[in-house]
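Notes for the one structure printed next.
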Amino acid sequence: MAGFKILWANEFIPAAQEVYRANFPNTFLDKRDIRIVKPEEILKTIGMKRGELDLLDGSPPCASFSTAGNRNRDWGKIKKYSDTQQRTDDLFFEYVRILDGLQPKVFLAENVSGLVKGVAKGYFLMILAALKGCGYRVKAKLLDAQWLGVPQKRQRIIFIGVRNDLEIYPQFPKPFPYRYSIKDAIPWAITVRYGGGFGNELWTSADTLPTDTVGSQPSRGNNINNNNFKIEVEADISRFAIGKEWDNLKPGEKSKKYINLIKPSWEHPCNTITTPSGLISAATVVHPTEKRRFSITELKRICAFPEDFILTGTYAQQWERLGRSVPPLMMRVIARVIRDKILMRLKDGTR
């Protein structure tokens with residue numbers, strides 16, 4: 001979305017591999033555990049020498065540092081992760097190993113905000129030192145997706161490093177002067193009508209949606225017709241205890257009884273979409289005006305994914321893909337800054 005050509009990708013989870021392959025069939029996808037991948041193998045595959053690559057981008061699994069999880073109680077342990085069992089708190093150091101071997105001009109690494117909070121700060125300082133030790137000027141900044149064109153409150157710690165010999169410092173995007181609300185993202189939800197219950201087709205009139213812009217007020221001119229819009233049967237919460245609790249919550253209110261149950265405000269960005277929330281009875285961020293979870297179609301909008309992005313698997317698996325992701329529009333803004341303020345300066349010699 002920012003003009004980069006992806007030469008190589010690594011994905012260990014089979015369900016995520018399937019989604020990546022469906023959307024990027026021409027990208028080389030290495031399906032091995034990153035622990036056994038050697039930098040020399042990557043360079044051979046992409047036909048480059050050490051130091052030639054423009055950008056290494058990676059998001060080491062971050063469940064061990066999430067404020068929603070067990071955090072340090074799971075460090076050093078093999079635990080359930082997605083559809084596998086593995087240790088995750090050491091994977092950032094595998095990223096460092098790959099970085100050191102490839103020596104790209106620039107690197108970008110992402111993790112949850114919990115990495116810089118509480119007991120995880122020690123890990124953060126170790127990671128920062130390791131990245132700098134690979135020969136890079138490194139800066140880390142906590143960015144929030146809601147200020148970068150995404151209708152969701154989602155904080156992520158972003159590391160950007162530029163190789164020392166290039167004599168350019170890391171750059172970060174500035175927050176937009178506006179935010180998108182849930183109403184901006186899924187305006188049809190106001191007028192949607194059921195066509196016979198969950199799992200059946202619904203209808204709505206065409207609505208105008210905000211045209212994506214960067215750094216200016218959003219315009220409104222793209223039309224969408226959701227005649228085939230569906231709400232998955234798994235989205236129904238009326239038969240669970242959280243459905244009864246939904247009735248007691250006001251817009252923007254969080255349940256005191258079920259800690260993760262949130263009825264977001266229609267007028268504001270959505271609360272953070274978490275990974276396990278697609279499980280059928282899990283307390284999560286729910287729909288603001290209907291007693292249900294978001295549909296996958298709605299969730300793609302809230303997570304800033306393209307309309308034509310293909311998701312496969314069950315409702316829970318599709319939710320997990322979105323819940324683990326960095327919102328594409330957020331990453332596009334970051335990638336454009338790297339492109340324009342670092343790589344283009346190297347190309348035209350204006351350091």
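Since every read-out is calculated from the coordinates, none of them should be taken as a lab result. Just so we're clear, the structure is a prediction, and the values are computed from it rather than from any experiment. Virtual Cβ from ideal backbone geometry, glycine too; neighbours counted across all protein chains shown.
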Which residues in the range 253-290 have a backbone N closer than 18 Å to a point placed 7 Å from the Cα of Lys244 along the Cα-to-Cβ line?
255-262, 281-284
Rounded to the nearest 0.05, what FRET efficiency do Leu166 and Ile46 give with R0 = 30 Å and r taken as the Cβ-Cβ distance? Could you check?
0.90
If packing is taken as the average count of other Cβ atoms within 10 Å, what order do 128-139, 317-328 fall into, highest mean first?
317-328, 128-139
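Once the Cβ-Cβ distance between Arg336 and Leu128 is put in as r, and R0 is 30 Å, what FRET efficiency do you end up with, to the nearest 0.05?
Numbers: r = 24 Å, r/R0 = 0.81.
Efficiency, from the Cβ-Cβ distance: 0.80.
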Links exceeding 23 Å between C-alpha atoms in this model, out of Lys230/Lys300; Lys5/Lys49; Lys139/Lys174; Lys300/Lys341; Lys183/Lys263, come to Lys300/Lys341
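Under the 0.36 nm per residue contour assumption, what length would be gained going from the current alpha-carbon distance of Ala9 and Thr312 to full extension?
Numbers: separation 303, 0.36 × 303 = 109.08 nm, distance 1.88 nm.
Using 0.36 nm per residue and subtracting the Cα-Cα distance, I get 107.2 nm.
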